[in-house]
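Undergrad: Just dropping this structure here.
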Amino acid sequence: QVQLVESGGGLVQPGGSLRLSCSASGFTFSSYAAAWYRQAPGKQREFVARIATGGHTYYANSVKGRFTISRDNAKNTVFLQMNSLKLEDTAVYFCNLAQGLREFWGQGTQVTVSV
């Protein structure tokens, strides 16, 4: 049974940091590209960052230089280190694992940046 469990969200002040984790089970994690998306209230889900199976990373311009995506294949986990958080980073963050047309989504974790 495929499971993606996100954790690490919470409330943080502007300029603060959070580290999101997404633990996967039920499939061969290392064979899947991993990504983070987010969805703010009233907005469409948007791409945040992606890490390929070989380790190459890609970022949305809005988070480049502030967020870092990484993966630990031994622990079947993908991470998103978020630094210098801004009010506009407030959203529900979802992890995504994809291999061709097959993809899995986590349930989401809330990140709120507020003074």
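The values are calculated or read from the model by the stated rules, or taken from the named source; none is laboratory data. Note that the structure is a prediction, hence the values are computed from the model and not measured. Note: ideal-geometry Cβ built from the backbone for every residue, glycine included; neighbour counts use all protein chains shown. The area values use the complete protein model at the heavy-atom level, side chains included, leaving out ligands, DNA and RNA. Shrake-Rupley method; radii C 1.70, N 1.55, O 1.52, S 1.80 Å.
Undergrad: I'd like to check one number: the per residue accessible area of the chain, probe 1.4 Å, reported in Å² as a whole number.
TA: Working: 6130 Å² over 115 residues.
Normalised by residue count, the accessible surface of the chain is 53 Å².
Undergrad: Still on this structure: When Lys and Arg each count +1 and Asp and Glu each count -1, what net charge do the other residues less than 12 Å away from GLN13, Cβ to Cβ, add up to?
TA: 0
Undergrad: Could you calculate the contour length gain from ALA52 to GLN3, that is, 0.36 nm times the residue separation minus the distance between their Cα atoms, to one decimal place in nm?
TA: Extending this stretch completely gives an extra 15.7 nm.
Undergrad: Now for a separate question. Rounded to the nearest 5, what is the percent of antiparallel bridges among the DSSP beta bridges in the chain?
TA: Numbers: 39 of 42 bridges.
Taking every DSSP beta bridge within the chain, about 95 percent pair in antiparallel fashion.
Undergrad: What per residue convex hull volume, in Å³, comes out for the chain when only alpha-carbon positions are used?
TA: Here the figure is 95 Å³ per residue.
Undergrad: Let me ask something else about it. Once neighbouring chains are kept in place and the probe is 1.4 Å, which whole percent of the accessible area of the chain is contributed by carbon and sulfur?
TA: Details: 2910 of 6130 Å².
About 48 percent, which is the carbon plus sulfur part of the accessible surface.
Undergrad: Give me a comma-separated list of calculated 3J(HN,Hα) values for segment 81-97, in order, Karplus coefficients 6.51, -1.76, 1.60 applied at θ = phi - 60°, integers in Hz, x for any Gly or Pro.
TA: Values per residue, Gly and Pro as x: 8, 10, 10, 6, 5, 10, 3, 6, 7, 4, 4, 8, 9, 10, 9, 9, 10 Hz.
Undergrad: Report, in whole Å, the centroid distance computed from the Cα atoms of segment 1-76 and segment 83-107.
TA: That distance is 5 Å.
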